[in-house]
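Below: one structure, written as structure tokens.
The values are calculated or read from the model by the stated rules, or taken from the named source; none is laboratory data. Predicted model, so just to flag it, every value in this text is computed and none were measured. Ideal geometry is used to build each Cβ from the backbone, glycine not excepted, and the neighbour counts take in all protein chains shown.
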Amino acid sequence: MTMQFVMCARAVKKGVFIAEPSPSLFLLVPAGERPAPIHAVKKTDQWFKKLLIAATWGKDSRNGGLDRGDLLVFVHGYNNDQEIVMDRHAQLKRDLSTVGFKGEILSFDAANSHNKWL
């Protein structure tokens, strides 16, 4: 099953994300699903390790055979709901793979801050 990597800075209320800011959660979201609090990974070091593995696509012959990979971080625009963010995530993945991108995409999803973060 393909997983989508998401950092989500939305608050949780009654088991769902709401449009209020909160400390980031690190999510592994199954392809085709919308982010939900149940997708949060409790041990962030495991999430980062999975992200690193997913982004690594080969060995770098220029640097002694060290791992080589790519990571694109997608920070959505102002006032987008999660459905739009994840649709764009999937579209980026499809479009970039057709032009040879072999790395991973990480989406950052944040709620409208209403100036609470400034």
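Taking the criterion of being free of Cβ contacts under 8 Å to residues at least 24 places away in the same chain and farther than 28 Å from ALA19 by Cβ, the residues of the range 57-94 that qualify are LYS59, ASP60, SER61, ARG62, ASN63, GLY64, GLY65, LEU66, ASP67, ARG68. Can you find a residue in the range 15-26 that is touching a residue at least 40 places away in the same chain (Cβ under 8 Å), over 20 Å from THR2 (Cβ atoms), in contact with a strand residue (DSSP E or B) (Cβ under 8 Å, 6 or more places away or on another chain) and among the aromatic types (Phe, Trp, Tyr)? Looking through the range 15-26, at least one residue is touching a residue at least 40 places away in the same chain (Cβ under 8 Å), over 20 Å from THR2 (Cβ atoms), in contact with a strand residue (DSSP E or B) (Cβ under 8 Å, 6 or more places away or on another chain) and among the aromatic types (Phe, Trp, Tyr).
Exactly one residue out of ILE53, ILE105, ILE38 is closer than 18 Å to THR2 by Cα, in contact with a Lys or Arg (Cβ under 6 Å, 6 or more places away or on another chain) and at pLDDT 95 or above: that is ILE105.
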